[in-house]
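Below is one structure; the comments refer to it alone.
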Amino acid sequence: MTRWLAVALLLAAWHTPAGADAIRFRIQPDGSEVTFRATSRLMNAEGQFHRMAGEVAVDPRDLATARVTLSIDAGSIDTGIGMRDNHLRSEDFFDVKKFPTITFESQRVEGSGRRVNVVGQLTIHGLTREIIVPVEVRVSDIALVASGELVINRRDYGIVYQSFLNPIGDDVRISFTFRARAI
């Protein structure tokens with residue numbers, strides 16, 4: 001379940017062709033968050049990823065120029081229940097020994113104003129899919145804040161584990177807020 005959330009985190013990053021007025025921003029992990037919610041028959045899973053890194057290059061006057069790269073440490077998944085977290089890190093879900101990171105790289109940004117769609121490649125569990133991430137952005141010459149929410153299907157990323165006693169839903173809702181500073 002958690003693997004889908006990681007995918008959501010990757011969606012939060014966005015891609016910009018660097019123009020003459022592009023400013024580079026580094027995501028501040030301590031001020032950012034990627035959370036997820038997955039459903040199951042007996043007990044839903046809500047959690048977050050604690051470790052991430054990324055950059056955004058964008059002309060603050062033209063969000064369509066944005067380029068985003070994001071990397072999330074899949075092993076930093078935290079639902080508040082240690083046994084479940086360890087299971088999510090196992091081969092049944094994220095298989096963090098084999099696939100330690102979730103990544104997102106933007107390809108283009110569509111729309112204008114503060115609300116845009118970031119189109120990019122999300123890689124979870126070694127599988128890459130194109131996704132569209134709706135993002136609300138506030139940007140200045142020194143800071144950037146991007147937030148949004150999306151739903152991914154865990155099976156699209158090879159996370160197919162199923163429990164007979166506690167069936168798990170396929171859709172995972174991912175929410176994110178990234179805060180970044182100019183570098």
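Gaussian network model of the chain, Cα springs within a sub-10 Å range: biggest mean-square fluctuation belongs to which of Phe104, Phe164, Phe25?
Phe164
Which trypsin sites (Lys or Arg not before Pro) does the stretch 100-183 hold that lie in a coil by DSSP with at most 16 other beta carbons within 10 Å? Could you put the intermediate results ahead of the total?
Working: sites: Arg108, Arg114, Arg115, Arg129, Arg138, Arg154, Arg155, Arg173, Arg179, Arg181; in loops: Arg114.
Within the stretch 100-183, the qualifying trypsin sites (Lys or Arg not before Pro) (loop, at most 16 other Cβ atoms within 10 Å) are Arg114.
Can you compute the FRET efficiency between Glu91 and Ser112 using 1/(1 + (r/R0)^6), with r the Cβ-Cβ distance and R0 = 45 Å? Round to the nearest 0.05.
Working: r = 44 Å, r/R0 = 0.97.
So, using R0 = 45 Å, E works out to roughly 0.55.
Report, in whole Å, the centroid distance computed from the Cα atoms of the stretch 128-168 and the stretch 42-100.
9 Å
At a threshold of 8 angstrom on Cα-Cα distance, excluding pairs fewer than six apart, so keeping six or more, what relative contact order does the stretch 16-174 reach in percent? All intermediate terms of the calculation are to be shown ahead of the outcome.
Details: 361 pairs, mean separation 34.0, N = 159.
Relative contact order comes out at 21 percent.
Considering the zone a paramagnetic label at Ser40 would reach in this model (a point 7 Å from Cα along the Cα-to-Cβ line), which residues of the stretch 54-83 have amide N under 15 Å from it?
Counting only backbone N, you get 78-83.
Measuring with a 1.4 Å probe in the full set of protein chains, what accessible area per residue, in whole Å², belongs to the chain?
That works out to 47 Å² per residue.
How many percent of the accessible area of the stretch 44-183 is carbon or sulfur, using a 1.4 Å probe? Walk me through the intermediate numbers first.
Working: 3360 of 6880 Å².
Of the solvent-accessible surface of the stretch 44-183, carbon and sulfur hold 49 percent.
The values are calculated or read from the model by the stated rules, or taken from the named source; none is laboratory data. Treat the numbers as computed from the prediction; the structure is a model and nothing was measured. Heads up, the Cβs are rebuilt from the backbone with ideal geometry, glycines too, and the neighbour counts pull from every protein chain shown. SASA here: full protein model, heavy atoms, side chains in, ligands and nucleic acids out. Shrake-Rupley method; radii C 1.70, N 1.55, O 1.52, S 1.80 Å.
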